[in-house]
Amino acid sequence: MRKGRLANMLQRLFFSLWYVFRRPPWDTGITPPEVVEAIEGSSALAPGRALDLGCGTGTNSLYLARHGWQVVGVDFAAPAIRQARRRARQAGAAAEFYVADVSRLDFLQPPFDLALDIGCVHGLDGAAQQRYRAGLSRLLRPGARYMLYAAASATGCFGRQWGLSQEAVARLFEPDFSLLKVQKGLHRGSTPSAWYWYQKGNIK
């Protein structure tokens, strides 16, 4: 078995067990203000079909559903998806959830009007990131928005390096996507990070 494949399997197990035994630190239960501004602010996006990549227990998916969006959430951790489905049933929300690899979304059909990724693609290896980008390009309609939160380089579980610098994000997504703006910050108070707002295709 290849080292990369084994690392991916261990990572999935690690994340799944974390959801079983305790609440992960990234699962805050709070929708980030950047997402709230995009959905409720002065230049709010009109509701449509949304894709939540690395959705966890569905906090942001359910937020979007409450604001009129039809949502599909994807995460590779089965315990997280079970929680998300339960929360959606309880809320009567228009949200569907799938246990799946975000870099292998051939089972989904376009078009989507919005894609949201809060800390998912920055944890994938290079080949998976390329598959992710190709899948995202296929699923988003021209003019659709893509909101990405990514941290820069850091060391994760099992000593694995992860993260995406601003330059790496640009290399990965442009020119298929046009950058609208960047907002820099710190990931958990220490690691440089940023929010990226993209539009599918060229800006007119």
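The values are calculated or read from the model by the stated rules, or taken from the named source; none is laboratory data. If you're wondering where the values come from, they're calculated on a predicted model, not measured in any experiment. When we count neighbours, we look across all protein chains shown, and the Cβ atoms used for this are built from the backbone with ideal geometry, even at glycine.
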Selection within segment 102-128 - modelled with pLDDT under 95 and more than 11 Å from the chain's Cα centre (by Cα)
Leu124, Asp125, Gly126, Ala127, Ala128
Candidates Pro47, Pro33 - the one that is more than 15 Å from Ala115 (Cα to Cα) and either modelled with pLDDT of 95 or more or within 18 Å of the chain's Cα centre (by Cα) (or both)
Pro33
Restricting to segment 99-130, name every residue that is in a helix (DSSP H, G or I) and buried (at least 17 other Cβ atoms within 10 Å of the Cβ).
Val121, His122, Gly123, Ala128, Gln129
Within segment 39-82, which residues are surrounded by fewer than 18 Cβ atoms within 10 Å (Cβ to Cβ) and among the polar types (S, T, N, Q)?
Ser42, Ser43, Gln70
Leading residue by the ranking (farthest from the chain's Cα centre (by Cα)) among those in segment 134-155 that are closer than 15 Å to Val121 by Cβ and in a strand (DSSP E or B)
Ala154
In segment 44-96, how many residues are in contact (Cβ under 8 Å) with a residue 60 or more places away in the chain, of a type in the set (A, V, I, L, M) and over 20 Å from Lys200 (Cβ atoms)?
3
Can you tell me which of Gly143, Gly119, Gly135, Gly123 is in contact (Cβ under 8 Å) with a residue 24 or more places away in the chain and either within 21 Å of His67 (Cβ to Cβ) or touching a Pro at 6+ places or on another chain (Cβ under 7 Å) (or both)?
Gly143
